[in-house]
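Participant: My questions all concern the structure below.
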Amino acid sequence: MARPEIFFPAVSWIRLGGLMPGPGAIAPRPAALAAALLAQADLERLIQLLARDHRVIAPVVRDGAVVCDEIRTAGEIAFGAVTEQAPARYRMTMPGDHAARWPTGPPATPWKRVLHPSELTIWRAVRRDGRLVFEPIDSGPPRRLALVGVRPCDLAAIGRLDAPLRDGPWPDAAYAARRRGMFVLAVQCTEPCGTCFCASMGTGPDAGPGADLVLTELDGAGPARSLLEARTTAGAAMVVALGAAEAPEDAADEAHLAVDRARARMGRALDTSQLPARLLAHFEHPRWETVAKKCLTCGNCTFACPTCFCTTVEDRLDLAGETAARLRRWDTCFSVDFSYMHGGSVRLSPRSRYRQWLTHKLATWHEQFGTSGCVGCGRCITWCPVGIDITLEAAAVADTAPRTGPTRRTGAHP
Amino acid sequence: MARPQKPRLAVWKFASCDGCQLSLLDCEDELLAVADRLEIANFLEASRAVGRGPYDLSLVEGSITTPHDAERIHAIRRASKVLVTIGACATSGGIQALRNFVNVRDYVSAVYPTPQYISTLNKSTPIADHVFVDFELRGCPISKTQLLELVTAFLHKQKPAMPTYGVCVECKRRGVVCVAVAEGLPCLGPVTQAGCGAICPAFGRGCYGCFGPKPLPNTAALAAHWSEAGRRRGDIVRAFRTYNAAAEAFRRESEAHDT
Ligand code: SF4
Ligand code: SF4
Ligand code: SF4
């Protein structure tokens, strides 16, 4: 399906003021295998169709925020929620004029919670007749997962997790099991939040690869309508099963325009050209010390981040010494013990811990996995209790003219 | 084969409310297993019988607030192979360390009709200020799970699995929506050691800091953020001056705002 050139992402990059992304940051827009015009009632049928053989996870309202959780009906989805997101500030409201629309922005909890649980027993052993017997523990979810309402940044984040946890040389069994046969319905963004910068990272506001269905809310008077496009055969089968009204010719253009308008309304931006090199050239930049003075080393940024996946293990024994279990839990590079080796922690200073996190997200991730570790969802900015902003910190370090002095490879660690 | 003699456990009380000792009785299901593996030689909350030392494991609750207690703790240390302090009173001086910020004589004369009978020290101090402590269990009160982990680790000669990170880690693992960000509540989670399982944020309250400061806490940045958000100095002082008021990092931070 040919599109007028004006709708291509690269064009709007120029409109944003020359913030050109690095090469390969923008994937060409995938073609739709089937398209339908979706009314609110169709959505309930869609959820019911999915729920037949999936555990359906969607954005819901809990404790004054939008979080991802299991749903049984479309009515549980956080329709109508508008989230105001700013550094260290999140407020959810339900303005009447937004009713029936998908909740804006990325949910407070990242989708990784369902794919990469925060706590998991990875093995258990019991002493039986003087022998240690290992019991099987995690056989994956009983039902396939269906993630419904995934924003483009979060869709990209799943791809970032796939690289190390599913497609790498050491796949993670628990992750791979949850990921197998997973269905994804992505919702493209037409109303970005104050901390969003997916456009800079090439991950949104349009949905890249990884979704079976892509939904775009269309403006206009009358009852809410959305365009539903299938990107995979599973998605196309769902469109057929739904039997919704066929999308008119101009719906795709209308959807594309709405998403493209969002691109120009990002709350934040980050110049990603040569960013890894520009960051790593400033390993001793004084800004690291400035941010360290403010950073609480609480790790909230890493837990809120949809691509951070570090864990630690703890061994558990019962009082009698008869059963042992190994528990795997989310960990963070901000804790002192994270870098504990024989003799002590390698990254004791908050400066080295913040620098490790930011440079891994934006620079060394490229070396490891060929992409950025950041998808521009802005959660680390919103959920940092003191509002440290990755886009400002990265720019402050990277925008400095290159100088001589120690770089990452020669610089002392702590 | 005869079972080797059970290790002997003693529980001691100093200035405290008994809540932490009660965590041991609160173990209910596991209590029998504990009693099966350890000889409870001294635990007045549970039994009047006092067994003589030496003790393999002493759990010490409470802070040192009187000249007599300052002597007694040395005798207990001498009689104990491993001495573990339990709870905020024992590890930092407890809520009674609020006296450390004022003249205790003023309190004594305000509270007691005949103050001359009261023999007390100017400061409430943690056990570790007086004797060598092998391990500290934080909390007001301590966590039952951590207590069992400690006893298990002691019995099996392991290093206990105890967090050294902040409450936010437990909060996020639990999937709690951050009350500091979503509701603007003051929360001590980012500077407080984990262990409670982030109970307060899970119930919509900011963390009160019951487990005391985490290693290398940036209390100054948290307080600065609160000031920027319009919190009064007095509120900041009070936030850091509760159950762990005398813990070094919290004490310094509260004093920085107390003018
Ligand atoms: S680093 Fe921040 S903006 Fe980037 S993906 Fe993680 S949470 Fe989102
Ligand atoms: S950057 Fe913010 S969220 Fe991350 S560790 Fe520092 S204070 Fe916590
Ligand atoms: S509620 Fe408190 S403990 Fe939980 S993440 Fe927020 S600041 Fe940390």
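Participant: Taking into account only those residues within region A:328-343 that are at the interface with chain B (Cβ under 7 Å from one of its Cβ atoms) and within 23 Å of A:Val114 (Cβ to Cβ), which is farthest from ligand 1 (Cβ to nearest atom)?
Facilitator: A:Arg329
Participant: Another question about this same structure. Looking at region A:316-328, is at least one residue within 16 Å of ligand 3 (Cβ to nearest atom), over 27 Å from A:Arg278 (Cβ atoms), in a loop (DSSP other than H, G, I, E, B) and touching a strand residue (DSSP E or B) at 6+ places or on another chain (Cβ under 9 Å)? Steps first, please.
Facilitator: Keep residues of region A:316-328 that are within 16 Å of ligand 3 (Cβ to nearest atom), which gives none.
Scanning region A:316-328 turns up no residue that is within 16 Å of ligand 3 (Cβ to nearest atom), over 27 Å from A:Arg278 (Cβ atoms), in a loop (DSSP other than H, G, I, E, B) and touching a strand residue (DSSP E or B) at 6+ places or on another chain (Cβ under 9 Å).
Participant: Take A:Asp97 and tell me if it is free of Cβ contacts under 8 Å to residues at least 12 places away in the same chain, more than 16 Å from ligand 1 (Cβ to nearest atom) and outside any helix (DSSP H, G or I). Please lay out each step first, then the result.
Facilitator: Values: free of Cβ contacts under 8 Å to residues at least 12 places away in the same chain: yes; more than 16 Å from ligand 1 (Cβ to nearest atom): yes; outside any helix (DSSP H, G or I): no.
Against the criterion (free of Cβ contacts under 8 Å to residues at least 12 places away in the same chain, more than 16 Å from ligand 1 (Cβ to nearest atom) and outside any helix (DSSP H, G or I)), A:Asp97 does not qualify.
Participant: Looking at region A:284-300, which of its residues are open to solvent by 10 Å² or more (accessible area, probe 1.4 Å) and more than 24 Å from B:Ala182 (Cα to Cα)?
Facilitator: Once the filter is applied, which keeps residues that are open to solvent by 10 Å² or more (accessible area, probe 1.4 Å) and more than 24 Å from B:Ala182 (Cα to Cα), region A:284-300 yields A:Glu284, A:His285, A:Pro286, A:Arg287, A:Glu289, A:Thr290.
Participant: Select from region A:280-315 the residues that are of a type in the set (Phe, Trp, Tyr) and within 16 Å of ligand 3 (Cβ to nearest atom) and list them in ascending order.
Facilitator: The first filter runs over region A:280-315 and keeps only residues of a type in the set (Phe, Trp, Tyr), leaving A:283, A:288, A:303, A:309.
Of everything in region A:280-315, just one residue is of a type in the set (Phe, Trp, Tyr) and within 16 Å of ligand 3 (Cβ to nearest atom), namely A:Phe303.
Participant: I'm told B:Pro163 meets every condition in (1) in contact (Cβ under 8 Å) with a residue 40 or more places away in the chain; (2) more than 8 Å from every other protein chain (Cβ to nearest Cβ); (3) within 26 Å of B:Val11 (Cα to Cα) except one. Can you identify the failing condition by its number?
Facilitator: If we test B:Pro163 against (1) in contact (Cβ under 8 Å) with a residue 40 or more places away in the chain; (2) more than 8 Å from every other protein chain (Cβ to nearest Cβ); (3) within 26 Å of B:Val11 (Cα to Cα), just (1) comes out false.
Participant: Could you check region A:344-385 and list, in sequence order, the residues that are within 15 Å of ligand 1 (Cβ to nearest atom), open to solvent by less than 30 Å² (accessible area, probe 1.4 Å) and not in a helix (DSSP H, G or I)?
Facilitator: A:Ser372, A:Gly373, A:Cys374, A:Val375, A:Gly376, A:Cys377, A:Gly378, A:Trp383, A:Cys384, A:Pro385
Participant: Hey, among the residues in region A:249-271 that are in contact with a helix residue (DSSP H, G or I) (Cβ under 8 Å, 6 or more places away or on another chain) and not hydrophobic (A, V, I, L, M, F, W, C), which one's nearest to A:Ala395 (Cα to Cα)?
Facilitator: Top of the filtered list is A:Asp271.
Participant: For region A:290-327, name all the residues that are facing another protein chain (nearest Cβ under 8 Å), in contact (Cβ under 8 Å) with a residue 40 or more places away in the chain and small (Gly, Ala, Ser).
Facilitator: Passing the criteria: A:Ala304, A:Gly321.
Participant: Right, here's the next one. Could you please let me know if A:Ala245 is aliphatic (A, V, I, L, M), in contact with an Asp or Glu (Cβ under 9 Å, 6 or more places away or on another chain), closer than 26 Å to A:Leu49 by Cβ and open to solvent by 50 Å² or more (accessible area, probe 1.4 Å)?
Facilitator: Spelling it out, A:Ala245 is indeed aliphatic (A, V, I, L, M), in contact with an Asp or Glu (Cβ under 9 Å, 6 or more places away or on another chain), closer than 26 Å to A:Leu49 by Cβ and open to solvent by 50 Å² or more (accessible area, probe 1.4 Å).
Participant: Sticking with this one: Is there any pair linking a residue in region A:110-131 that is in contact (Cβ under 8 Å) with a residue 40 or more places away in the chain to one that is charged (D, E, K, R) and loosely packed, with under 13 Cβ neighbours inside 10 Å, with Cβ under 8 Å and at least six apart or on different chains, and which?
Facilitator: A:Trp123/A:Glu135; A:Arg124/A:Glu135; A:Ala125/A:Glu135; A:Val126/A:Glu135; A:Val126/A:Glu322; A:Arg127/A:Glu322
Participant: Just name the residue that is farthest from A:Val187 (Cα to Cα) out of those in region A:241-300 that are acidic (Asp, Glu) and away from ligand 1 (no atom under 16 Å from the Cβ).
Facilitator: Of all residues in region A:241-300, those acidic (Asp, Glu) come to A:246, A:249-250, A:253-254, A:260, A:271, A:284, A:289.
Then drop every residue that is not away from ligand 1 (no atom under 16 Å from the Cβ), which leaves A:246, A:249-250, A:253-254, A:260, A:284, A:289.
On the way: A:Glu246: 19, A:Glu249: 20, A:Asp250: 19, A:Asp253: 16, A:Glu254: 15, A:Asp260: 14, A:Glu284: 41, A:Glu289: 39 Å.
That would be A:Glu284.
Participant: Taking region A:100-136, which residues are open to solvent by 60 Å² or more (accessible area, probe 1.4 Å), over 30 Å from A:Asp389 (Cα atoms) and not in a strand (DSSP E or B)?
Facilitator: A:Asp129, A:Gly130, A:Pro136
Participant: Could you please tell me which pairs satisfy a Cβ distance under 6 Å, a separation of 6+ or placement on different chains, a first residue in region B:245-259 that is within 17 Å of B:Ala128 (Cα to Cα), and a second residue that is among the small types (Gly, Ala, Ser) and buried (at least 21 other Cβ atoms within 10 Å of the Cβ)?
Facilitator: B:Ala245/B:Ala97; B:Ala246/B:Ser92; B:Ala246/B:Gly93; B:Ala246/B:Ala97; B:Ala247/B:Ser92; B:Ala247/B:Gly212
Participant: Modelled with pLDDT under 90, over 30 Å from B:Gln193 (Cα atoms) and more than 16 Å from ligand 3 (Cβ to nearest atom), is that true of A:Ala277?
Facilitator: Details: modelled with pLDDT under 90: no; over 30 Å from B:Gln193 (Cα atoms): yes; more than 16 Å from ligand 3 (Cβ to nearest atom): yes.
No; evaluated as a whole, the condition is false for this residue.
Participant: Tally the residues that are out of contact with any strand residue (DSSP E or B) (no Cβ under 9 Å at 6 or more places or on another chain) and either buried (at least 18 other Cβ atoms within 10 Å of the Cβ) or facing chain A (nearest Cβ under 10 Å) (or both), restricting the search to region B:204-237.
Facilitator: Going through region B:204-237, the residues out of contact with any strand residue (DSSP E or B) (no Cβ under 9 Å at 6 or more places or on another chain) turn out to be B:204-206, B:216, B:218, B:220-237.
Those left that are additionally either buried (at least 18 other Cβ atoms within 10 Å of the Cβ) or facing chain A (nearest Cβ under 10 Å) (or both): B:204, B:206, B:216, B:218, B:220-226, B:228-229, B:236-237.
Of the residues in region B:204-237, 15 are out of contact with any strand residue (DSSP E or B) (no Cβ under 9 Å at 6 or more places or on another chain) and either buried (at least 18 other Cβ atoms within 10 Å of the Cβ) or facing chain A (nearest Cβ under 10 Å) (or both).
Participant: Consider A:Leu155 against the criteria (1) more than 12 Å from the chain's Cα centre (by Cα); (2) in contact (Cβ under 8 Å) with a residue 40 or more places away in the chain; (3) crowded, with 24+ Cβ neighbours inside 10 Å: it satisfies all of them except one. Which criterion is unmet?
Facilitator: So A:Leu155 meets the others, but not (1).
Participant: Inside region B:5-117, counting only strands (runs of 3 or more DSSP E) that do not spill past its ends, which hold 1 or more residues that are open to solvent by less than 40 Å² (accessible area, probe 1.4 Å) and closer than 24 Å to B:Gly195 by Cα?
Facilitator: B:8-13, B:55-61, B:80-86
Participant: Could you check how many residues of region B:179-223 are aromatic (Phe, Trp, Tyr) and either farther than 18 Å from A:Thr332 by Cβ or free of Cβ contacts under 8 Å to residues at least 40 places away in the same chain (or both)? Give the steps one after another, and end with the answer.
Facilitator: Initial filter on region B:179-223 (aromatic (Phe, Trp, Tyr)): B:203, B:208, B:211.
From what is left, the residues that are either farther than 18 Å from A:Thr332 by Cβ or free of Cβ contacts under 8 Å to residues at least 40 places away in the same chain (or both) are B:203, B:208.
Residues that pass the stated criteria total 2.
Participant: Can I ask one more? So which of A:Ser226, A:Ser273 ends up being more than 14 Å from chain B (Cβ to nearest Cβ) and in a loop (DSSP other than H, G, I, E, B)? Don't jump to the end; show me each part of the working.
Facilitator: Values: A:Ser226 fails: in a loop (DSSP other than H, G, I, E, B).
Going through A:Ser226, A:Ser273 in turn, just one is more than 14 Å from chain B (Cβ to nearest Cβ) and in a loop (DSSP other than H, G, I, E, B): A:Ser273.
Participant: Step by step: first the residues of region A:192-222, then only those that are β-branched (Val, Ile, Thr) and away from ligand 2 (no atom under 16 Å from the Cβ), then the one that is nearest to the other protein chains (Cβ to nearest Cβ). Which residue is that?
Facilitator: Our first condition is that a residue be β-branched (Val, Ile, Thr); within region A:192-222, this holds for A:195, A:203, A:214, A:216.
Adding the requirement that they be away from ligand 2 (no atom under 16 Å from the Cβ) leaves A:203, A:214, A:216.
On the way: A:Thr203: 23, A:Val214: 27, A:Thr216: 28 Å.
Ranking the candidates gives A:Thr203 first.
Participant: Of everything in region B:1-36, what is within 14 Å of B:Phe154 (Cβ to Cβ) and modelled with pLDDT of 90 or more? Give them in sequence order.
Facilitator: Result: B:Lys6, B:Pro7, B:Arg8, B:Leu9, B:Ala10, B:Val11.
Participant: Looking at (1) farther than 22 Å from A:Trp111 by Cα; (2) within 15 Å of ligand 2 (Cβ to nearest atom); (3) crowded, with 22+ Cβ neighbours inside 10 Å, which one does B:Cys171 not meet, given that it meets all the others?
Facilitator: (1)
The values are calculated or read from the model by the stated rules, or taken from the named source; none is laboratory data. All values derive from a computational prediction rather than experimental measurement. Note: ideal-geometry Cβ built from the backbone for every residue, glycine included; neighbour counts use all protein chains shown. Ligands, DNA and RNA are stripped out before the accessible areas are found, and what is left, the full protein with its side chains, is counted by its heavy atoms. Shrake-Rupley method; radii C 1.70, N 1.55, O 1.52, S 1.80 Å.
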